[in-house]
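The values are calculated or read from the model by the stated rules, or taken from the named source; none is laboratory data. Every value quoted in this text rests on a predicted model; they were computed, and no experiment measured them. A quick note on method: Cβ atoms are made from the backbone with ideal geometry, for glycine too, and the neighbour counts reach across all protein chains shown.
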Amino acid sequence: VTDHVHTVVIGAGSGGLTVAYGLASLGKPVALIETRHVGGDCTNTGCIPSKTLIHLAGRSDSNADAVLAAVRRRRDALRDKETQEFGAVANLRLISGRARLVSPERVAVTLPDGGERILTTRHIVLATGARPRMLAIPGLPAERALTSERIFEIDTAPRHLAIIGGGAIGVELAFAFRDLGSQVSIIDIAPRVLIRHLPEVSRVIEASLHTRGVALHLNARTHSYDESAQTLRVEQSGQITSLHDLDYVLIAVGRERNVEDLGLETVGVRFSTQAGIETDAYGRTNVRNIYAVGDVTATSAFTHSANAQGRRVVQQIAFPWLPLRTPEPFYPEIVFSNPEVATTGMKPEQIAQRYHPNLVKRIRIDLATQTDRGYTDEVHHGFIMVDAVRLTGKILGATIVAPKASEMISFFTLAIQEGISMYRLYRTVYPYPTFSSGIQKATDTFLRDTLTDLRGELSAYLRYRWFQRRGAASFASAIDRQARQS
Ligand SMILES: Cc1cc2nc3c(=O)[nH]c(=O)nc-3n(C[C@H](O)[C@H](O)[C@H](O)COP(=O)(O)OP(=O)(O)OC[C@H]3O[C@@H](n4cnc5c(N)ncnc54)[C@H](O)[C@@H]3O)c2cc1C
């Protein structure tokens with residue numbers, strides 16, 4: 001069967017749904033092809049089950065196995081609702097099957113019954129996402145090896161869960177399963193958890209994990225698993241440590257982009273297994289009518305970034321005459337740990353590449369000692385950290401480690417995007433007592449330091465502002481692109 005549509009979207013996750021819904025609601029006939037479940041990673045194996053688990057496991061009255069069942073029930077209910085809602089959108093045809101590009105205008109879909117359907121189209125949007133990277137552990141039986149795709153399917157909470165990888169996913173699930181009552185051990189080859197964040201962030205999160213009794217094995221790698229004793233052997237500085245009574249090993253060592261068997265080579269779309277599909281800041285691939293959004297690209301690893309990219313692609317396809325001048329926005333990054341970690345704007349390495357260190361002022365406000373809310377809520381660790389240009393107060397980046405940091409970070413994202421300086425944030429009135437009043441403290445510090453030494457600040461600014469570090473180490477293309485556009 002051959003059908004013609006305006007746009008074919010491959011993958012019904014956060015990115016694909018945004019594009020498909022956006023175009024369909026603008027009257028463009030869209031075919032949305034999904035090989036598994038509507039909602040993709042976020043609804044089925046990512047954000048929704050993990051945040052539901054974190055929420056329910058944190059209740060004092062929670063029964064571990066009942067919580068795991070409730071997570072699945074709530075996840076399935078949302079998936080059913082989304083499937084029904086998207087299935088009923090006018091101009092949107094949801095097709096179950098696996099898609100493959102045959103040419104820049106033709107897509108073949110292998111249907112669940114083995115049949116094939118050919119779609120011809122003007123535009124193609126690739127939104128095939130990513131999957132957990134696997135790690136082979138000698139002796140570990142398949143049924144004990146979990147990834148984020150299977151962890152929400154277990155019926156019984158583990159007595160002891162080993163988590164390989166102390167990144168965002170590993171850390172979030174460590175807190176959640178510890179709250180459920182499981183013994184939890186994190187194993188990471190890095191010297192600290194959340195290695196992509198500032199060392200200050202890792203220190204707070206490690207202290208919090210430690211307080212809760214989560215065992216950390218850092219600078220360590222898995223050696224082997226002994227099924228007869230249910231023991232994982234971990235190698236650390238040449239020494240072997242044994243972790244006993246393990247029910248499961250969760251492998252959370254990163255993600256791989258879904259670029260295989262898509263026909264990318266056939267139509268000449270540039271990609272690599274490492275960085276995914278190459279796109280410009282507007283989601284355009286090197287093939288004129290083919291776009292890519294979400295986890296399958298180099299710059300997105302979140303639902304909100306897939307969504308933001310999707311909206312930009314909708315704009316281009318539906319309103320090609322609108323100017324494309326806005327750079328790709330900064331995407332805030334959150335770790336839903338306890339306390340939460342939220343970052344936005346340029347990363348420290350990006351700042352280091354663009355600005356002389358003497359041009360940037362880093363201000364840190366401790367929640368425990370410098371906010372009354374930290375005192376009332378007995379928050380012992382946590383901070384607000386801002387990197388701003390001296391004198392001008394231009395905000396470059398911010399990190400918040402606090403309860404509900406995820407809700408507070410948009411303040412800084414808005415400020416960075418709209419060029420709202422420290423001076424203007426200073427004029428804002430913050431409710432008392434809140435953690436966000438720490439932002440005012442940060443602006444107080446900035447203004448005090450600047451105004452009490454205006455001459456010194458001015459001369460430092462004039463001296464260092466044109467500095468561009470030559471030959472600095474090249475970053476991953478995604479990071480590079482964001483830095484250039486900022
Ligand atoms: C445990 C965990 C927690 C997370 N928590 C958060 C969070 O709190 N906040 C956040 O922002 N992000 C979070 N994420 C990340 C977020 O889930 C992803 O960034 C987001 O879902 C990516 O959306 P996407 O549309 O790019 O891809 P996906 O959601 O992966 O969708 C891709 C879809 O394409 C389909 N597909 C692939 N190949 C084909 C093909 N050939 N034909 C047809 N269909 C195909 C797949 O089946 C899939 O449904 C989390 C991830 C995990 C694993």
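Figures for the structure shown
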read-out	value
Subset of segment 85-121 (residues that are over 16 Å from Thr35 (Cβ atoms) and of a type in the set (Lys, Arg))	Arg106
In segment 120-168, residue farthest from the ligand (Cβ to nearest atom) [restricted to those that are touching a Lys or Arg at 6+ places or on another chain (Cβ under 7 Å) and not in a loop (DSSP other than H, G, I, E, B)]	Thr120
Ser62, sole failed condition from (1) within 21 Å of Glu260 (Cα to Cα); (2) touching a residue at least 24 places away in the same chain (Cβ under 8 Å)	(1)
Subset of segment 267-277 (residues that are away from the ligand (no atom under 14 Å from the Cβ) and either in contact with a helix residue (DSSP H, G or I) (Cβ under 9 Å, 6 or more places away or on another chain) or touching a residue at least 40 places away in the same chain (Cβ under 8 Å) (or both))	Arg270, Ala275
Subset tally (residues that are more than 12 Å from the ligand (Cβ to nearest atom) and either part of a strand (DSSP E or B) or farther than 29 Å from Pro320 by Cα (or both)) for segment 98-116	7
Members of segment 414-438 that are closer than 16 Å to Thr369 by Cβ and part of a helix (DSSP H, G or I)	Ser437, Gly438
Of residues in segment 16-50 being farther than 21 Å from Ser305 by Cα and in contact with a Leu (Cβ under 6 Å, 6 or more places away or on another chain), the one nearest to the ligand (Cβ to nearest atom)	Ala31
Unmet requirement for Arg311, which otherwise passes all of (1) over 17 Å from the mean Cα position of the chain (by Cα); (2) surrounded by fewer than 19 Cβ atoms within 10 Å (Cβ to Cβ); (3) at pLDDT 95 or above; (4) in a loop (DSSP other than H, G, I, E, B)	(4)
From Asp280, Asp295, residue being within 13 Å of the ligand (Cβ to nearest atom), farther than 30 Å from His381 by Cβ, of a type in the set (D, E, K, R) and not in a strand (DSSP E or B)	Asp295
Top-ranked residue of segment 298-342 - restricted to ones that are within 13 Å of the ligand (Cβ to nearest atom) and touching a strand residue (DSSP E or B) at 6+ places or on another chain (Cβ under 6 Å), ranked as nearest to Leu126 (Cα to Cα)	Val313
Among the candidates Arg106, Arg159, residue that is closer than 30 Å to Gly283 by Cβ and either in contact (Cβ under 8 Å) with a residue 12 or more places away in the chain or of a type outside the set (S, T, N, Q) (or both)	Arg106
Count of residues meeting criterion [in a loop (DSSP other than H, G, I, E, B) and of a type in the set (A, V, I, L, M, F, W, C)] in segment 267-277	2
Which numbered condition Ala306 misses (of (1) of a type outside the set (Phe, Trp, Tyr); (2) over 21 Å from the mean Cα position of the chain (by Cα); (3) not in a strand (DSSP E or B))	(2)
